[in-house]
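Participant: Please find one structure pasted underneath; my questions will follow.
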Amino acid sequence: MTTFHRTTSFLLLFLVGLCFFGKTALAQNDPEQLAKDLIEEEKYTEALPYFKDLVHLYPQNKELNYYLGVCLAETEQFGRETKEALQISLGKDTPAKSLYYLAQCFHAEGNYTEALSYYKQFDDEAKNRVKRSTNLDELIEFSEKQINPFRKPEQQVDIEQDVKEEEIQKIDTLEKQKPIKIEIPAGLEDSLINFQINSTIKYLKIEHFKNSKSLQAFIQAWQNEQELNQILTKTNNLRDKYHSALANEKEDIANKILTLEKETYSKNQAINEQYFEARKREINYWEQAGQEDIQSFSKKIKTLEDSIRQAREAERIKKLEAEKPVVLPDSLVKNLMPDEPATADHGVTYKIQIGAYSKTPPDWVQRLFEKLSVIRRIDQYTDENGVTVYTVGELKSYDDALQMQSQVRTEGVKDAFIAAYKNGTRIPVKEARSITEG
C-alpha cells in the first residue's frame, strides 16, 4: 500500500468513524494513544507509521513532531525529516530529550559544533534520570574528537552539499549564456510580490529576479497559491453545505472535505518547496555579487518602497475625501430609516456546550475538537472560575438548539448539552425558555 493510500485510509477511518458514525472517542481507541503505547514498549518501528500519518494531518503540532523524531532517531534514520520534526517540536513543554536526538542528527551529519551545542544544552536542561538513559558522556567525547559513530544520512551519502552548490553554479552559468524565455502570468506581471531573499535583499517586482530558474520556481509557487485559494473556497462552501444537508448526505460531504484538506496539505508543501528553490538560487547570485551592487540594489528598492508608500497615502486621502458625510433633510432621513422590528430582541441565545476544562484538554479531546471544526466553528471563553468552556452554534430558539444538540452528538460529542446566555451572561435554560417562549 502506498503512503498516499495508507494516509488516506487512516484519515477516512479516523474522521468518518469518529465524527459521523457517532463512535465514542475513548482514549484507548485513539490512534495517537496507541502509537504512544508502542513507544512506551520501545516498538519504534511499529509506532513510526502512525506518527508519520498524524504529522501529515497536523504538520505543526509540536508533540506529534517530537514523537515522530523519536521514532526516526531510535531507528537510526538521522535525515532531514528527523531534524525538521525535532526542530518543529522544540518549545517550553517539549521533553528535553528532543535536544539529545537533535544533537544526534547533527552528529550523524558530521556537524560536530552544532552537535556539541545541543548535547550540552540537553545536559543542562534534562533531569538526571533522563540523562542516565542515554550515552551522553560518550557522545560528547566523540563530538569533541570529531568521531562519527552513526550512519551518515542517506541524502548526504548520495549527493554532498558542495556538489549540489557546484551544479547550481554550473546551471547558472549556462543560463547566463543562453537566457530562457519565461511567460509571466497576467495577474503577476504588474503586481507587487514582496519576496524576501535574505536579511538585506528583498524583491518587489518580477523584474528583480536575476536567475531564470528561480523565477520559474517563484511563478509555479504563485500559481499553486491561486489554486490553493480555489481549494479553500470549495472547502468552505462544503462546510456551509454540510449544515443543511440530510443525514445520509453528510458522510459524502465529509469525505469530500477530507479530500480537499489532503490537496491543501500537498499544495502547501509544493509552495514551500518552490519558494525555497527560488530563494536558494537568488541567494547564490547575491553571495557572488559585489558590495557596491548590493548597496545599489537596496537603494533602488528603498526608492520604490517610498514611491509606493506615497501613492497609497494619496489614495487613502482621496478615499477619505470621497467618504465625507452628506447632511440630509430631516424629512428624507425619516423616510430612509428602517421600520421598527415587530418584536424586540431579548438578547437570549442558546449554544451547545461540548466541553469545559480547567487545564489543556486531553490529547484525544483535542483531536475530536479538530475533527469537529472541519464542520463547525468552535468558540471558547473562560468563566469566572478559570474554566475554559467550548461551544458551537448560536441559536435564538430552544427547538433549534435541540436539533443542533442532536447533530453534534451524532458527530462524536456524546455528552453535548444546551447552555443559555442572556447578553453574554450564562443563565439557566429554564429561565431562557420563559423569556423566549413567553
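Participant: Based on the Cα atoms of the range 193-244, what semi-axes does the equivalent ellipsoid have, where each is the square root of 5 times one gyration tensor eigenvalue, given in whole Å with the largest first?
Facilitator: Here the semi-axes work out to 35, 12, 7 Å.
Participant: Along each of the three principal axes of the Cα atoms of the range 87-133, give the extent in whole Å, ordering the values from largest to smallest.
Facilitator: Taking the Cα atoms of the range 87-133, the three principal extents are 27, 24, 15 Å.
Participant: Where Lys and Arg each count +1 and Asp and Glu each count -1, what net charge lies around residue 353 among other residues with Cβ under 14 Å from its Cβ?
Facilitator: Its environment carries a net charge of +1.
Participant: Given R₀ = 45 Å, what would the calculated FRET efficiency be for residue 151 paired with residue 437, taking r from the Cβ atoms and rounding to 0.05?
Facilitator: 0.05
Participant: Ignoring ligands, DNA and RNA, how do 252, 93 rank by accessible area with a 1.4 Å probe, largest first?
Facilitator: Heavy-atom accessible area, descending, gives 93, 252.
Participant: Here is a follow-up. Which of the peptides 235-245, 80-90 is most tightly packed, and how do the rest follow, judged by the mean count of other Cβ atoms within 10 Å per residue?
Facilitator: 80-90, 235-245
Participant: Given a 1.4 Å probe and heavy atoms of the protein chains only, how would you sort 143, 406, 397, largest accessible area at the top?
Facilitator: 406, 397, 143
Participant: Can you find, among 291, 275, 248, the residue farthest towards the positive end of the dipole of the range 230-318? Put +1 on the C-beta of Lys and Arg, -1 on that of Asp and Glu.
Facilitator: 248
Participant: Order 286, 222, most accessible first, counting only protein heavy atoms with a 1.4 angstrom probe.
Facilitator: 222, 286
Participant: Projecting each Cα onto the charge dipole of the range 35-152 (Lys/Arg +1, Asp/Glu -1 at the beta carbon, about the Cα centre), which of 75, 101, 134 comes out farthest on the positive side?
Facilitator: Checked the options; the winner is 101.
Participant: Check cross-link reach from residue 213 to the lysines: straight Cα distance under 17 Å, and skip same-chain residues fewer than eight apart.
Facilitator: Reachable lysines: 164, 170, 176, 178, 181, 205, 280.
Participant: If you split all Cα-Cα distances of the range 179-292 into 10 Å bins from zero, what percentages do you get per bin, shortest first?
Facilitator: 12, 34, 24, 15, 10, 3, 1
The values are calculated or read from the model by the stated rules, or taken from the named source; none is laboratory data. Note that the structure is predicted; figures quoted are calculated from it, not measured. Please note: Cβ atoms are built from the backbone with ideal geometry, for glycine as well, and neighbour counts cover all protein chains shown. Accessible surface areas use protein heavy atoms only, side chains included; no ligands, DNA or RNA. Shrake-Rupley method; radii C 1.70, N 1.55, O 1.52, S 1.80 Å.
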